[in-house]
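The values are calculated or read from the model by the stated rules, or taken from the named source; none is laboratory data. It should be emphasised that the depicted structure is a prediction, and the values quoted were computed from it without experimental measurement. Methodologically, a virtual Cβ is constructed for each residue, glycine included, from the backbone with ideal geometry; neighbour enumeration extends over all protein chains shown.
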Amino acid sequence: MRLWLSESERRPDPEPVRADARKALLAGTIGWIIALGFALAFSGSLADAGFGWFVAAAAIGVGLGLVGLVVVQLRRRRDRQGPDGPPAP
């Protein structure tokens, strides 16, 4: 088995697969919202056990998920408009 191929022997790289990250981000954000709800419901017990930081961690997870959804939406909008930006009026 050869570990190195010359440039002439290599096949071209495949085209990247277009993936929709919105579904993954939405599922993760919903998971963090559920975790935040449970953490808020049991915040007293969590604080007594030394796990009061769970509320902050879940809130940060929700915030990052929302930021991710906004970024993905902006990138999708930019990709739909093309490289030259929106059409002139």
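Scanning the stretch 1-24 for residues that are under 15 Å from the mean Cα position of the chain (by Cα) and among the acidic types (Asp, Glu) gives a single hit, Asp20.
Working only within the stretch 47-76, note down all residues that are under 15 Å from Ala27 (Cα atoms) and surrounded by 14 or more Cβ atoms within 10 Å (Cβ to Cβ).
Our first condition is that a residue be under 15 Å from Ala27 (Cα atoms); within the stretch 47-76, this holds for 58, 61-70, 72.
Result: Ala58, Gly61, Val62, Leu64, Gly65, Leu66, Gly68, Leu69, Val72.
In the set (1) of a type in the set (A, V, I, L, M); (2) more than 30 Å from Arg77 (Cα to Cα); (3) out of contact with any helix residue (DSSP H, G or I) (no Cβ under 8 Å at 6 or more places or on another chain); (4) outside any loop (DSSP other than H, G, I, E, B), Ile60 fails one condition alone, (2). Screening Leu25 with (1) without any contact (Cβ under 8 Å) to a residue 24 or more places away in the chain; (2) surrounded by 10 or more Cβ atoms within 10 Å (Cβ to Cβ); (3) not aromatic (Phe, Trp, Tyr) gives one miss only, at (1). Within the stretch 56-65, the presence of at least one residue that is in contact with a Gly (Cβ under 8 Å, 6 or more places away or on another chain) and without any contact (Cβ under 8 Å) to a residue 40 or more places away in the chain is confirmed.
Only one of Arg80, Arg76 is more than 18 Å from the chain's Cα centre (by Cα) and either small (Gly, Ala, Ser) or modelled with pLDDT under 95 (or both). Can you tell me which? Even if it seems obvious, please write down each step before you answer.
Numbers: Arg76 fails: more than 18 Å from the chain's Cα centre (by Cα).
Within the list Arg80, Arg76, the selection yields Arg80.
Can Trp32 be described as assigned to a helix (DSSP H, G or I) and not charged (D, E, K, R)? Taking the combined requirement at face value, the residue satisfies it.
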